[in-house]
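Shown next, in C-alpha cells, is the structure this report addresses.
The values are calculated or read from the model by the stated rules, or taken from the named source; none is laboratory data. This structure is a prediction, so every number in the text was calculated from the model and none was measured. Counting neighbours? That spans all protein chains shown, and the Cβs are built from the backbone with ideal geometry, glycine included.
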Amino acid sequence: MNNHSQKWALARSLGRRAFFQAALGTAVVGVGSAVQEDEPGRERNCQSYRESLETPIVARHQVVVAGGGPSGVIAAVAAARSGADTLLLERYGFLGGNGTAGLMTCYNGFRNQRPPEALQTVKGIPAEYIAELVRLGGVADSTNYELTLPHDVRRGDLPYAIPFDAEVAKVASLHLVKKEGVKLRLHSWVVAPMLDSTRVTGVIVESKSGRQAIAADIVIDCTGDGDVAAAFGAPFMSPATSGDRMAMTLMYRLGGSPSTVKGSFDGVRKGDQVVRWGPAVDGDGLNVETLTEAEVHARLEIWDEIQVMQRKSGMGSLYLALTATVIGVRETRRIAGEYVVTERDATEGRRFPDVVAISSNPFPDYHGRRYFLRHEGFDIPYRSLVPKRVGGLVLSGRCISCDQAPFQSARSMAPAMAVGHASGCAAALAATHGIPPRELDVKILQKLLVSQKAELRL
Ligand SMILES: Cc1cc2nc3c(=O)[nH]c(=O)nc-3n(C[C@H](O)[C@H](O)[C@H](O)COP(=O)(O)OP(=O)(O)OC[C@H]3O[C@@H](n4cnc5c(N)ncnc54)[C@H](O)[C@@H]3O)c2cc1C
C-alpha cells in the first residue's frame with residue numbers, strides 16, 4: 001500500500017468509529033480528550049483527539065441528494081418528479097457545482113463533438129434545465145464553439161456544447177428545484193453517512209447550525225469526489241499517482257475586453273467579459289494542504305498574468321472581474337460499483353441491456369491528447385451506479401464506477417446530468433417501493449427514464 005492509500009485507509013477507519021457512535025447513540029456526550037492511539041500500524045507518538053458525539057436527527061426524507069452540482073440538481077429534480085420526498089444538500093450558498101463555484105462555464109457532451117453527431121445523447125430533464133437557461137438569457141456567445149450542424153437550442157435540440165453565464169445557471173438551477181418541490185439545505189457539508197450495518201440510512205451534516213443528522217431511505221452521492229461512499233468505506237479507484245492525474249485549474253473572469261479583440265479571447269465570452277482558464281496545478285484534490293497551496297499559487301499567478309496583459313497595447317481596459325469560488329478539481333475518486341465501465345467499452349461504444357445514460361463526450365485528456373469517439377456514445381449501465389458492499393446508496397456524477405478513460409468522457413457536465421437523471425429516478429423508485437437499489441428492476445427504471453424523455457437508444 002502506498003502512502004496515499006495508507007492515509008485514506010487511516011481516515012476511513014477513524015471516520016467509521018465516529019459513524020458507529022453517531023448511529024448507535026452509544027457515545028459519551030460532550031467529553032473529548034487528547035489520547036495516545038495504540039492501534040496496530042499506528043505510530044505510538046501520533047496524537048489524536050477522540051470525539052464523543054450524539055447527533056440530533058433533524059429531518060427525514062425518502063431521498064437525500066448529497067451535492068448540488070450539475071448531477072445533483074438533475075438527480076434531485078428527477079427524484080422529486082418521480083414521487084419521492086427529496087432533500088438536496090449543498091456545502092455552498094448556491095447550486096451548480098463546478099459549473100458555477102468552479103466557473104467552468106461550458107456544458108460539454110450533449111452529443112459527440114465530431115461526426116458521428118446525429119444522436120443527441122443527453123435529453124430529458126437536463127434539456128429542460130438548458131431550456132430554462134436559454135429562457136433566462138444565460139447562454140454565452142456561441143462563436144467560441146465548434147458547431148458543425150445548426151441546432152434549435154430553444155426546442156431542446158442541443159449542440160455538443162452550451163457555453164453559459166454562471167450567475168444565470170445558479171438561478172436556473174433554483175427555478176428547477178423549486179418548481180419540482182425539492183427541499184433545499186445550503187451551507188451544509190455532508191461529513192459522514194449514517195448507517196445500519198452495511199446500509200446507509202442518512203447523512204451527517206455540519207453547518208453553522210452545528211452537527212446534525214438527516215435520515216433518508218436512499219442517499220445519492222453527487223459530491224463529485226464520492227465523499228459519502230468513501231466515508232462509508234466503499235472501495236474506490238484513485239487517479240494514477242504518477243503522470244496521469246488530470247490537473248486542477250482555477251478559472252477566472254476577465255472584464256473590460258476591448259471590442260477590437262474579436263472572438264472568444266481564449267475563453268467563454270459574453271460581451272466584454274471572458275471566462276478563462278488560469279494556471280493548471282498538479283496534485284491531490286482531496287488533500288487540504290495541496291488544495292491550499294494550489295489556490296495560493298493559482299490566485300497569485302492569475303493576478304500577475306493580468307498585470308502583464310494590461311501593459312500590452314490596447315489592453316489597458318482589462319481587469320480581473322472575478323475568480324472562481326474554488327479551484328476546479330477534475331479527478332479524484334471513482335467508486336467501485338457492481339460494474340466498472342472499461343476503456344474498451346468506451347472506445348468501442350459498448351451497449352448494455354441495463355443502460356441508464358449515454359456518454360458521447362470525447363476524452364479531453366486521454367493519455368495526454370483529446371480522443372474523439374468514433375461512434376455516437378457508450379452506454380453507462382445501471383450497475384455502475386450501484387456501489388459494491390454499500391446498501392441504500394446510489395452513485396452519480398463524476399464518481400461513478402468506471403476506468404480512467406471513460407471517466408474522462410462521462411465526467412463532463414452533460415453526461416453527469418444524464419447520470420443524475422438516472423440516479424434520481426432509481427433512488428425514487430427504490431425509496432417509494434421499499435426496494436434496495438441493488439435489486440431494482442432496471443426495465444422499470446428505463447421505462448420511467450424514457451417517460452421523462454431521457455435518451456437510452458432502446
Ligand atoms: C478546470 C475544469 C475544467 C472543466 N472543463 C469542463 C468543460 O469545459 N465542460 C464540461 O462539461 N465539464 C468540464 N469539467 C468537468 C466538470 O465540471 C465536472 O466533472 C462536473 O461538474 C461533475 O459534476 P458533478 O455534479 O459530479 O460534481 P460537481 O460539479 O463537482 O458538483 C459537486 C457538488 O457537490 C458539492 N459538494 C461536494 N462535497 C460536498 C460535501 N461533502 N457536502 C456537501 N456538498 C458537497 C459541491 O460543492 C458541488 O456543488 C471541468 C472540470 C474542471 C475542474
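For the structure I just gave you, tell me whether Leu429 is more than 13 Å from the ligand (Cβ to nearest atom) and in a loop (DSSP other than H, G, I, E, B). I'd like the intermediate steps shown before the answer.
Values: more than 13 Å from the ligand (Cβ to nearest atom): yes; in a loop (DSSP other than H, G, I, E, B): no.
Judged against the criteria, Leu429 is not a match.
May I ask you to verify whether Ala230 is within 12 Å of the ligand (Cβ to nearest atom) and outside the structural domain of Val341 (by TED's automatic domain parsing)? Explain how you work it out, then say what you get.
Numbers: within 12 Å of the ligand (Cβ to nearest atom): yes; outside the structural domain of Val341 (by TED's automatic domain parsing): yes.
Spelling it out, Ala230 is indeed within 12 Å of the ligand (Cβ to nearest atom) and outside the structural domain of Val341 (by TED's automatic domain parsing).
Here is a yes/no grid of residues against (1) away from the ligand (no atom under 15 Å from the Cβ); (2) in contact with a Phe, Trp or Tyr (Cβ under 8 Å, 6 or more places away or on another chain); (3) over 22 Å from Glu167 (Cα atoms):
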{"site": "Gly255", "(1), (2), (3)": "yes, yes, no"}
{"site": "Gly267", "(1), (2), (3)": "no, yes, no"}
{"site": "Gln273", "(1), (2), (3)": "yes, no, no"}
{"site": "Asn287", "(1), (2), (3)": "no, no, yes"}
{"site": "Gln307", "(1), (2), (3)": "yes, no, yes"}
{"site": "Leu320", "(1), (2), (3)": "yes, yes, no"}
{"site": "Ala324", "(1), (2), (3)": "no, yes, no"}
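Check Asp365 against each of (1) closer than 13 Å to Ala75 by Cβ; (2) surrounded by fewer than 24 Cβ atoms within 10 Å (Cβ to Cβ); (3) not aromatic (Phe, Trp, Tyr) and name the one condition it does not meet.
(1)
Quick one: is Leu133 part of a helix (DSSP H, G or I), surrounded by fewer than 24 Cβ atoms within 10 Å (Cβ to Cβ), in the same structural domain as Ala418 (by TED's automatic domain parsing) and on the phi < 0 side of the Ramachandran plot?
Judged against the criteria, Leu133 is a match.
Could you list, ordered by first residue, the pairs with Cβ atoms under 6 Å in which the first is in region 99-112 and in contact (Cβ under 8 Å) with a residue 40 or more places away in the chain and buried (at least 24 other Cβ atoms within 10 Å of the Cβ) and the second is in a loop (DSSP other than H, G, I, E, B) and among the charged types (D, E, K, R), at least 6 apart or interchain?
Taking only residues 6 or more apart or on different chains, the pairs are Arg111/Glu117.
Assess whether Val340 counts as being within 15 Å of Pro415 (Cβ to Cβ) and away from the ligand (no atom under 16 Å from the Cβ).
So Val340 fails the test.
Which ones in region 79-107 are within 13 Å of the ligand (Cβ to nearest atom) and touching a helix residue (DSSP H, G or I) at 6+ places or on another chain (Cβ under 6 Å)?
Leu88, Phe94, Leu95, Gly96, Gly97, Gly99, Thr100, Leu103, Met104, Thr105, Tyr107
If you scan region 311-337, which residues turn out to be more than 22 Å from Ala410 (Cβ to Cβ) and among the basic types (Lys, Arg)?
Hits for region 311-337 are Arg311, Lys312.
For region 117-139, which positions are in contact (Cβ under 8 Å) with a residue 40 or more places away in the chain and more than 22 Å from the chain's Cα centre (by Cα)?
Glu117, Ala118, Leu119
Hey, can you tell me all the residues within region 349-378 that are charged (D, E, K, R) and either closer than 22 Å to Glu331 by Cβ or within 16 Å of the ligand (Cβ to nearest atom) (or both)? It would help to see each step written out before you state the result.
Initially, region 349-378 is screened for residues charged (D, E, K, R), giving 350-351, 354, 365, 369-370, 374, 376.
Passing the criteria: Asp365, Arg369, Arg370.
Taking region 186-205 as the search range and keeping residues that are near the ligand (Cβ under 9 Å from one of its atoms) and in contact with a helix residue (DSSP H, G or I) (Cβ under 7 Å, 6 or more places away or on another chain), which one is farthest from Gly67 (Cα to Cα)? Outline the logic, then answer.
Going residue by residue through region 186-205, those that are near the ligand (Cβ under 9 Å from one of its atoms) are 188-191, 203, 205.
Then drop every residue that is not in contact with a helix residue (DSSP H, G or I) (Cβ under 7 Å, 6 or more places away or on another chain), which leaves 190, 203.
Values: Val190: 8, Val203: 12 Å.
The qualifying residue farthest from Gly67 (Cα to Cα) is Val203.
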